[in-house]
Structure formats: C-alpha cells, structure tokens
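Notes for the one structure printed next.
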Amino acid sequence: MTRVLTSVILLPVVVGVVLFGPAWSFLLLMALVGAVAFHEYDGIVAGHGIPRSGWPGIAAGLVLLLTPEPLTPIVTPVIVVLALALMALGLRAQKLDTVLTSAAAALLGIIYIFGAWRCAIQLRDSNPHWLIVALLVSWAGDTAAFYVGRSFGRNKLAPRISPGKTWEGAAASVVAGLLAGMIYAIFLIPTAPLFLVVALSTAGNVSGQVGDLCESALKRGAGLKDSGHSLPGHGGWLDRIDSSLFSIPTVYLLLRLL
C-alpha cells in the first residue's frame, strides 16, 4: 500500500510538469532528481570500495544536463572535457590505484543519469507526449511485473541479480507496457503510426527492464538492498527511475531513427 500511495503522489506531479509545466520547472525537476539519484549512485560506488566523486560529480552532471539546446553540437566536447576533469580530480586521492576506477565510475554515473535526463529534455522538446510514453511503458510494466510476478511467478529471471524477478513478471511487464503505450498514443498521439507506437513501447519496456536489472546488479555488488530510503515503498530515487534511465534514451533514439 505504501508503494501505491507514493506513486499516487508522484505521478500527477511528474505528468503535470512534463505536459503543462514551463520549461524552467521541467529543467528544475530533472536537475533535482538527477542530483539526488547521482548522490545515491555515489553511495553504491562507495560500497564497491571506490572513492565517491561527490559534489564535483554532481556539478559535472548538471553541466551536461543544462548545456543550452542551441549549443547541442558541443555536447560531445563537453563530455570529453568532463572525463578529463574527473581524471584530474582523481589525482587528489590518497591512493593512486583508485584514480582510474574513481574517474570511470563518476563518468559512468554522469552519462547513466544525467545523459538519460538530457535525452528526456530533447524528447520533451520534440513532443512531450512521447516522453510520457517512455515513462508510462516503464511505470505500467513495473506495476504488472510486481503483482503478476508475486502472484504467479515460478521461473526466476535473474536469480543472481534479483531473486524476486520472474519470467512471468517480465512477460506481464511487456504486455502491460505495450497496452499502456498504445492506449495513450491512440488518444493523445493519434497521428503516430501503429508500428511506431508498438516498436517504441516494446523497446522502451524491454530496455527499462534491463535498466532495472543493471541497477540491481550494481546494488548487489555493493551489498545494498536499496539505493536510498527517501521514497516509502520504493527505496531511493535511483530505484524509482532506474527503468526510465534506460527506456527514455531508447525511445528517443528509435524515434529519431524511425
């Protein structure tokens, strides 16, 4: 019940900001959630015995996230400069054998979280309804996988990584994500071809499930059950958005290609 109540509070806020909020409110939401999620990711990194990047890592992520859209051609050089800066910051470490792993972990986190959020900004600029689809296929899929897996799941999906996940739950997630994406698109993106909606919804859901497993693997390697405790019933913010961090870039890329 706590999990449901948290979702009931969060979903209207997110949908309202995405569809109706001014650009600054959406950027603020992305920046705040991204910063908190990166802080939690930093905790997972520390659990692996790798020094945290801390505020410099968050600041670097915000630079990637908030580089103005007219300057999009310089985003690639920005990423390169951030990587070099993180290597330089690693020189402050007491043990030089952590410089490589610390810089690599920080850069991965920046691209993983803030890079995905950058795709969310560009997807919203293209059409905010497609961003809702990218989120919805994960939200609906997560809910279906949780309840179907708990009630009917028999075959473990990835027991070493996430013992609670089952193939039955994963299949239910794909079906729920596809139906949610199609129903939403029929009413709010009526000009979208059916094949495009099916492709984006399916790919977005499947990639979101992979994202969930990837975050679970990072946590299990660090000996952690949740990335944080700020969201009742969900754990941390990174636990809540792990699927979306994969589904959003996937939907955005396929939309651009197709």
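The values are calculated or read from the model by the stated rules, or taken from the named source; none is laboratory data. Since we're looking at a predicted model, the values are computed, not measured. As a convention, Cβ positions derive from the backbone with ideal geometry for all residues, glycine included, and neighbour counts pool all protein chains shown.
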message = Of the residues VAL80, VAL99, only one is farther than 24 Å from LEU28 by Cα, loosely packed, with under 12 Cβ neighbours inside 10 Å and among the aliphatic types (A, V, I, L, M); which?
response = VAL80
remark   = Here the residues within the stretch 52-79 that are of a type outside the set (S, T, N, Q), assigned to a loop (DSSP other than H, G, I, E, B) and at pLDDT below 90 are PRO68
inquiry  = Restricting to the stretch 86-132, and then to whatever is of a type in the set (S, T, N, Q) and assigned to a helix (DSSP H, G or I), can you tell me which residue is nearest to ILE241 (Cα to Cα)?
reply    = GLN122
task = For the stretch 143-178, enumerate the residues that are of a type in the set (Lys, Arg) and closer than 13 Å to GLN209 by Cβ.
result = LYS165
query = In the stretch 220-255, which residues are out of contact with any helix residue (DSSP H, G or I) (no Cβ under 8 Å at 6 or more places or on another chain) and part of a loop (DSSP other than H, G, I, E, B)?
reply = HIS229
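Pull up the stretch 221-232, narrow it to residues that are in contact (Cβ under 8 Å) with a residue 40 or more places away in the chain and within 18 Å of the chain's Cα centre (by Cα), then point me to the one that is surrounded by the fewest Cβ atoms within 10 Å (Cβ to Cβ). It would help to see each step written out before you state the result.
Residues of the stretch 221-232 that are in contact (Cβ under 8 Å) with a residue 40 or more places away in the chain, as a first pass: 221-224, 227-228, 230-232.
Remaining after also requiring within 18 Å of the chain's Cα centre (by Cα): 227-228, 230-231.
Numbers: SER227: 28, GLY228: 20, SER230: 14, LEU231: 21.
Among them, the one singled out is SER230.
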ask   = Within the stretch 233-254, which residues are within 30 Å of LEU196 (Cβ to Cβ) and surrounded by fewer than 20 Cβ atoms within 10 Å (Cβ to Cβ)?
value = LEU253, LEU254
query = In the stretch 176-194, how many residues are outside any helix (DSSP H, G or I) and either touching a helix residue (DSSP H, G or I) at 6+ places or on another chain (Cβ under 8 Å) or surrounded by 17 or more Cβ atoms within 10 Å (Cβ to Cβ) (or both)?
reply = 2
ask   = Do the conditions hold for VAL13, that is, is it in contact with a Phe, Trp or Tyr (Cβ under 8 Å, 6 or more places away or on another chain), closer than 24 Å to LEU123 by Cβ and among the β-branched types (Val, Ile, Thr)?
value = no
task = Considering (1) loosely packed, with under 15 Cβ neighbours inside 10 Å; (2) in a helix (DSSP H, G or I), say which one ARG160 fails and leave the rest.
result = (2)
query = Quick check: anything in the stretch 133-146 in a strand (DSSP E or B), surrounded by 21 or more Cβ atoms within 10 Å (Cβ to Cβ) and in contact (Cβ under 8 Å) with a residue 12 or more places away in the chain?
reply = no
remark   = Pairs returned, first residue in the stretch 46-67 that is touching a residue at least 12 places away in the same chain (Cβ under 8 Å) and more than 20 Å from GLY115 (Cβ to Cβ), second residue that is of a type in the set (D, E, K, R) and buried (at least 16 other Cβ atoms within 10 Å of the Cβ), beta-carbon separation under 7 angstrom, 6 or more apart or interchain, are ALA46/ARG52
remark   = Only unsatisfied item for LYS156, checking (1) in contact with a Phe, Trp or Tyr (Cβ under 9 Å, 6 or more places away or on another chain); (2) within 20 Å of SER207 (Cβ to Cβ), is (2)
inquiry  = All but one of (1) touching a Gly at 6+ places or on another chain (Cβ under 8 Å); (2) farther than 17 Å from THR101 by Cβ; (3) at pLDDT below 95 hold for LEU86; state the number of the condition that does not hold.
reply    = (2)
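So which residues in the stretch 163-175 are crowded, with 22+ Cβ neighbours inside 10 Å and of a type outside the set (Ser, Thr, Tyr), if there are any at all?
Matches in the stretch 163-175: LYS165, GLY169, ALA170, ALA172.
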query = Among the residues of the stretch 16-38, which ones are more than 16 Å from the chain's Cα centre (by Cα) and either hydrophobic (A, V, I, L, M, F, W, C) or part of a helix (DSSP H, G or I) (or both)?
reply = GLY16, VAL17, LEU19, PHE20, ALA23, TRP24, SER25, LEU28
